[in-house]
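Engineer: Quick one: the structure is below, and I'll ask about it shortly.
Please treat every number below as a calculation from the coordinates, not as lab data. If you're wondering where the values come from, they're calculated on a predicted model, not measured in any experiment. For neighbour counting, all protein chains shown are included, and Cβ atoms are generated from backbone atoms with ideal geometry for every residue, glycine included.
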Amino acid sequence: MKSPRNRPKPRPSATNEGGQLRIIGGQWRSRRLSFPAVPGLRPTPDRVRETLFNWLTGEVEGARVLDPFAGSGALLLEALSRGASSGLGFDASSAAVASLRSHLALLKADNGEIRQGDALALLSQAPATTYDLVLLDPPFHQDLLVKACELLEQHNWLNLRAWIYCESEQAPSSLGLPTHWRLHREKQAGQVHYSLWQRQA
């Protein structure tokens, strides 16, 4: 008979607890922030973020950044930490939006803004400005990535030479993204395919 201290501990309920993310670089390097348990919320892993921002060396500082599927905020906060001039994120979850707004307030990031709403609906509107860097990490298996890319072009969200990061369950280069986007780099980490593109004028 096992003693009580050797019995396995019950796992915490995934519906009641969220998780933590760590900012990798920039002014908030090593800061840890919590995020709520939201169905489908899947923060970009640390090593993928580190690779992405290595690819973007020299491109983030001073950039206007858009994150239409902000979720935990891992990508948007990383960009702001590394010197982006402004950041706008969307998310449909009120819990995710409230969490991200509290993080921005905690970090005194007055140049960050979070809007609640469906990403595709918000991308269907005309933007107040164009963006230098767009971070696309939509929930998987919902056919959102290609639609979001199409809306970015249709409604003029992008600067002429904007950078676009894509994360998906399939290789983004196989999905039929806009033909005038040039693939810069593409990799896979486990089940996650991720790539960086640059728009060609």
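Engineer: With a cut-off of 8 Å between alpha carbons and a minimum separation of six or more residues, what is the relative contact order of the stretch 12-199 in percent? Show your work: numbers first, answer last.
Structural biologist: Values: 364 pairs, mean separation 31.0, N = 188.
With pairs under 8 Å counted, the relative contact order is 16 percent.
Engineer: From the phi of every residue in the stretch 47-60, what ³J(HN,Hα) in whole Hz does the Karplus formula 6.51 cos²θ - 1.76 cosθ + 1.60 yield, where θ is phi - 60° and glycine or proline is x?
Structural biologist: Computed from phi, the couplings for the stretch 47-60 are 5, 6, 4, 4, 5, 4, 6, 5, 4, 8, 3, x, 10, 8 Hz.
Engineer: Under 5 Å between amide H atoms, partner at least 5 residues away or on a different chain: which partners does Ala37 have, H built in plane at 1.01 Å?
Structural biologist: HN-HN under 5 Å from Ala37: Gly18.
Engineer: For Phe90, enumerate residues with amide H under 5 Å from its amide H, sequence gap 5+ or separate chain, H modeled in the peptide plane.
Structural biologist: Here Asp67, Phe69, Ala70, Arg115 satisfy the definition.
Engineer: Something else now. As an exercise, identify the GluC sites (Glu not before Pro) in the stretch 164-200 lying in DSSP coil whose Cβ has no more than 15 other Cβ atoms within 10 Å. Intermediate values should be presented prior to the final figure.
Structural biologist: Details: sites: Glu167, Glu169, Glu186; in loops: Glu169.
Listed in order of number, the matching sites are Glu169.
Engineer: Also, quick follow-up: Give me the distance in nm between label points sitting 7 Å out from Cα along the Cα-to-Cβ direction at Gln125 and Ser85, one decimal.
Structural biologist: 2.3 nm
Engineer: OK, next. Treating the angle as unsigned and between 0 and 90°, give the value, to the nearest 10°, between the Cα long axis of helix 94-106 and the longest Cα principal axis of the chain.
Structural biologist: Between the helix axis and the principal axis of the chain, the angle is about 80 degrees.
Engineer: Please report the antiparallel percentage of DSSP beta bridges with both residues in the chain, rounded to the nearest 5. Walk me through the numbers on the way to the answer.
Structural biologist: Values: 18 of 34 bridges.
In the chain, approximately 55 percent of DSSP beta bridges are antiparallel ones.
Engineer: Something else about it: Compute the angle between helix 145-154 and the longest alpha-carbon principal axis of the chain, please, reported from 0 to 90 degrees and rounded to the nearest 10.
Structural biologist: 30 degrees
Engineer: Determine ³J(HN,Hα), in whole Hz, for all residues of the stretch 157-170 in sequence, where each value follows from phi through the Karplus function 6.51 cos²θ - 1.76 cosθ + 1.60 and θ = phi - 60°; x replaces Gly and Pro.
Structural biologist: 7, 10, 5, 4, 10, 5, 9, 10, 9, 10, 10, 7, 7, 10
Engineer: Using a 10 Å Cβ count of at most 15 others and DSSP loop calls, identify the longest part of the chain lacking such trypsin sites (Lys or Arg not before Pro).
Structural biologist: Details: sites that count: Lys2, Arg29, Lys108.
Answer from the scan: 109-201.
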